[in-house]
Amino acid sequence: MSGARGRRLIRIADKEAMAKAAAEQLLTQIDVNPGRVAICLSGGSSPKQLYRLLATEPYRSRVPWQRVHWFIGDERFVPAGDALHNMAMARDAFLNACAPAAKIHAIPTDTADVHQSARAYERTLQDFYGADRLDPARPLFDLVLLGIGPDGHTASLFPGSPALDVHDRWVVGVDQANVAPFVPRVTLTLPTLGSCRKMLFEVAGADKRPILTRVLSGENLPANRAHSDQETVFLVDSAATPENLSEQPDV
């Protein structure tokens with residue numbers, strides 16, 4: 001199913017099939033780029049199964065770890081070892097076991113506040129990209145992985161947040177989250193997330209069906225405003241699929 005801005009929806013049978021489908025999408029994006037690859041990971045519960053899968057065979061052997069750089073789309077402003085820390089979750093699931101430490105680019109959370117953290121990560125991204133302005137013809141990321149929160153947020157871009165309208169910054173601090181855990185956040189902005197060859201959403205579970213229904217209806221929600229100028233894909237399992245899309249899954 002295709003939608004706005006080239007969005008494609010792929011229906012998946014269950015969470016196990018979703019992890020495998022997401023892994024194949026990620027590996028495809030790596031394979032088409034013979035040079036330096038940049039992947040932007042997501043936090044939250046949705047990608048855990050994918051991350052664990054990447055640490056197992058045959059997936060682990062298919063990733064050219066020496067040329068893939070791993071970033072994160074948003075971070076909770078908690079110590080790096082905290083259970084709420086997004087990159088810590090990704091590290092525990094697969095990065096520490098598989099990726100060279102120099103290729104893991106975490107948002108710093110040992111700074112004075114979220115705004116200092118955002119400025120530091122913005123510099124990291126710009127140094128990696130080699131410029132302080134994004135060129136639509138040269139995406140920052142090969143793939144950006146995202147989820148959808150119960151209120152329609154994605155990364156740490158919440159409905160009604162001023163951060164949604166920031167176009168002159170790559171990364172911003174968010175002083176207050178709209179949903180639990182209610183800790184300050186640091187998030188990439190919409191233009192930064194959109195600077196990718198593929199944006200991949202994972203949406204799983206019956207609790208996501210109401211918000212996905214709203215997103216697919218075109219409601220003005222952050223998850224609708226986040227898109228790649230090249231390709232945006234929604235992987236949706238059967239439990240999250242809205243009733244009007246309840247045909248057989250594609251995968």
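The values are calculated or read from the model by the stated rules, or taken from the named source; none is laboratory data. In this text the structure is predicted, and so the values were computed from the model without any measurement. Cβ sites come from the backbone with ideal geometry, for glycine too, and all protein chains shown count toward neighbours. These accessible areas exclude ligands, DNA and RNA; they are computed on the full protein's heavy atoms, side chains included. Shrake-Rupley method; radii C 1.70, N 1.55, O 1.52, S 1.80 Å.
Quick notes
- From Ala21, Ala13, residue being more than 28 Å from Val174 (Cβ to Cβ) and under 17 Å from the mean Cα position of the chain (by Cα): Ala21
- Contacts under 7 angstrom Cβ, first residue in segment 62-73 being without any contact (Cβ under 8 Å) to a residue 40 or more places away in the chain and closer than 10 Å to Ile30 by Cα, partner charged (D, E, K, R) and open to solvent by 40 Å² or more (accessible area, probe 1.4 Å), 6 or more apart: Arg67/Arg36
- Those residues of segment 140-181 which are among the small types (Gly, Ala, Ser) and over 18 Å from Arg209 (Cα atoms), in sequence order: Ala155, Ser156, Gly160, Ser161, Ala163, Gly173, Ala177, Ala180
- Identification of helices (runs of 4 or more DSSP H) wholly contained in segment 175-251 with 3 or more residues that are in contact (Cβ under 8 Å) with a residue 24 or more places away in the chain and surrounded by fewer than 20 Cβ atoms within 10 Å (Cβ to Cβ) yields 209-216.
- Members of segment 155-173 that are hydrophobic (A, V, I, L, M, F, W, C) and either open to solvent by less than 20 Å² (accessible area, probe 1.4 Å) or within 18 Å of Thr109 (Cβ to Cβ) (or both): Ala155, Leu157, Phe158, Ala163, Leu164, Trp170, Val171, Val172
- Residues that are of a type in the set (A, V, I, L, M) number at least 3 in the following helices (runs of 4 or more DSSP H) confined to segment 10-104: 15-31, 48-54, 86-90.
- Scanning segment 12-30 for residues that are open to solvent by 10 Å² or more (accessible area, probe 1.4 Å), modelled with pLDDT of 95 or more and touching a strand residue (DSSP E or B) at 6+ places or on another chain (Cβ under 6 Å) yields a total of 3.
- Residues of segment 130-168 satisfying the condition of being outside any loop (DSSP other than H, G, I, E, B), more than 23 Å from Ala21 (Cβ to Cβ) and in contact (Cβ under 8 Å) with a residue 40 or more places away in the chain: Leu157, Leu164
- Pro139 being surrounded by 13 or more Cβ atoms within 10 Å (Cβ to Cβ), touching a Lys or Arg at 6+ places or on another chain (Cβ under 6 Å) and on the phi < 0 side of the Ramachandran plot: yes
- Here the condition is being of a type outside the set (S, T, N, Q), open to solvent by 10 Å² or more (accessible area, probe 1.4 Å), farther than 16 Å from Ser156 by Cβ and in contact (Cβ under 8 Å) with a residue 40 or more places away in the chain; of Lys103, Lys48, it holds for Lys48 alone.
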